[in-house]
Amino acid sequence: MSTEIIRVPDIGGAADVDVIEISVKVGDTIEADQSIIVLETDKASMDVPAPKAGKVTAIHIKEGDTVSEGDDILTIELEAGASETAPAVEEETAQAAPMTTAASEQTVMVPDIGGAEGVDVIEVCVAEGDDVQEGDSIIVLETDKASMDIPSPFSGKVVKLMIKEGDTVSEGDEILAVTVEGAAAPVAEAKSEPAPAQSASAPIAGGVEAVNVPDIGGATDVDVIEVSVAVGDKVAEGDSIIVLETDKASMDIPAPKSGTVKSLSLKEGDKVSEGTLILELEVEGDVAAPQAPATPEKVAAPAAQSPATKAPAKAAPEVDQSAVLAEPSKKVHAGPAVRMLARELGVDLSLVRPTGPRNRILKEDLHAYVKAAVQKAASAPAAGATGGAGLPTVPDQDFSKFGEVEVVKMSKIQRLTAENMVRNSLVVPQVTQFDKADISNLEEFRKSLKPEMEKQGVKLTPLPFLIKAVAQAMVANPSFNVSLMSDGESYVQKHYVHIGIAVDSPVGLVVPVLRDADKKSVVQIAKEAGELIKKALDKQLKPADMQGGCFTISSLGAIGGTGFTPIVNCPEVGILGVSKADIEPRWNGKEFEPRTMLPLCLSYDHRAINGGDAGRFLTYLNALLSDVRRLTL
Ligand code: CAO
């Protein structure tokens, strides 16, 4: 298997051309004709296709470099059986091939386009009569794999256009005739061609003309995606009156003349073909132009009739013919590869901020736009508890109609809690599992210790036992001690165990954090938890007291209830809801025994924890609480 260096082909004599994109990387297997780099001159951008299929083994240039014809681009390992002769690219030319037809006139033909045949002409960038500069883009072609600007091989005046948008072309097909600069006027036969018209129009009476759909490349039943004018509107010649969309492209249909819209025959969603009546136009300055033939066929303009054909030839085509724009009239500046990507992604290029030279939209701009849109969508729920971006709002009502009311301002903590709850319940796919722990022995032990602890100023409720048991369960089940990264690709595994305690304080729900609970005794935990709860009730908590939690315990045991579904306190991935313990009859194999049963409700982030892990965590926790001796292990 041998290698071959692919070099920059003939790029119309341009030197030091900017490499604006490297479309492949080392290790990629590429196909013949696949775009490998994108070059950009002052006037046009062009995709450089691979002349042969193979595997990329080295890339000799980088984005931002400048290159000229013959410079090395990359090395490929040729596929078995592929021709190993001199690089085909040397023979290729990305520039339109000139053919001399007369001393003053040149016919420009489709150059070597990598052997592709029947390639779609998606844009004609010049009109007859335009001045073009050497290197100006004259047409844009699009294959399945790439699109490319075809630049003019020389400067001059376009005297005849041989193709139109929607045509298909192959190497050697004639594109246009151009008189070279400083040469004589166009040849006679060019003058005999009818001047290109705008939309087909035919006089009706009293200066009113019917404006019909022009030649749209033979396409039929084409969707009208926008009607840009209304009855009574004044339009100038060239103004877009409707926008059509086929599978491959969208196109503005411009007014053939200036005038006032008398009637409209189309609406959005209609389907049209060449000759369909669009509207009636009261033409400015009396009657229809005498040269306008009565039949649409004779005056029908090629599909290339678009604002692009009216743009000065020196400018790159500015009107998007291929992307479906929200505002078809808004002009964007982008290369064909970017336009194709935008179509694939469904992005309206007019919304993308350009950062390229001369306000050109680069691929990175498109990527940045899509990334920002995705991030915006993902973060929308955090925008507010009521009516954040993307969230439906609950409309306010006049409750005073039903009885006496007052409007009370929420505290900052209440507002933040509301926002966090909305975010956490929307972002986290949560599951809650339930269990009951037999804490008869634990309660017996606790009650026996209580008076002694009280003497030390420590209140011994079930909570410190729960904190200790949860901390041990976290150590034994580390999948509960993680936080997910926002990139969706990684998580943080924590090697410390800090437990948050939900406290119902006078200012709202707060969650102070007890540190290193796995390393502390139940008594020590009881002391510290008591201090934190007191601080919370006295509104003395500092931000640092509420940071760094790995898992939260929300105990409503002193209040009541048999179970609830707590909401995960992000970025933690688990929360334990504890309800009121009660004495229940339990079958011991021989008889029913009265046992103190504690309801446990474990909610978890199903992105981080699967049901099996959660079941094991809860069973482990249950075992610790059911046999208090284990807490000392
Ligand atoms: N079952 C039965 N009795 C319980 C119990 C339970 N699960 N938990 C506590 N008790 C008892 C205590 O033992 C104590 O009784 P004794 O004095 O006779 O021993 C009594 O209830 C009062 O306890 P307490 O409320 O003073 O202390 P605590 O440790 O149980 O709770 C705290 C502290 C801060 C968790 C609690 O005051 C609190 O604020 N809970 C609300 C948390 C909350 O709002 N969660 C919802 C958040 S949204 O998910």
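Shape call for the range 415-632 from the C-alpha gyration tensor, a ≥ b ≥ c root eigenvalues: rounded (a/c under 1.5), prolate (a/b greater than b/c) or oblate? It is oblate, given that a/c is not under 1.5 and a/b is not larger than b/c. Once the Cα-Cα distance is subtracted from the 0.36 nm per residue extended length, the S425 to T619 segment shows a gain of 67.3 nm.
Distances between placed amide hydrogens fall under 5 Å for S155 paired with E134, E181, all partners being 5 or more residues away or on another chain.
Among Y491, Y369, rank each residue by its count of other Cβ atoms within 10 Å, from fewest to most, as a rough exposure measure.
On the way: Y491 15, Y369 19.
With the sparsest Cβ surroundings first, the list reads Y491, Y369.
Put in order of Cβ neighbour count within 10 Å, fewest first, the listed residues C550, C570 become C570, C550. Annotation: for a label point projected 7 angstrom from Cα along Cα→Cβ of S411, residues of the range 487-520 with backbone N closer than 14 Å are 503-512. Expressed as a whole number of Å, what is the distance separating the alpha-carbon centroids of the range 442-513 and the range 396-422? If you average the Cα positions of each part, the centres end up 31 Å apart.
Can you put I30, I36, I5 in order of Cβ neighbours within 10 angstrom, beginning with the fewest? Before the final figure, lay out the partial values.
Values: I30 21, I36 24, I5 13.
Ascending Cβ contact count within 10 Å gives the list I5, I30, I36.
In units of the rule-of-thumb radius 2.2 N^0.38 Å, the range 202-284 shows an alpha carbon radius of gyration of 1.02. For V492 and A15, the difference between the fully extended length at 0.36 nm per residue and the C-alpha to C-alpha distance is 166.6 nm.
The numbers here are math on the coordinates, done by the rules we state, and not lab data. This is a predicted model, so every value here is computed, not measured. We place every Cβ from the backbone using ideal geometry, glycine too, and count neighbours over all the protein chains shown.
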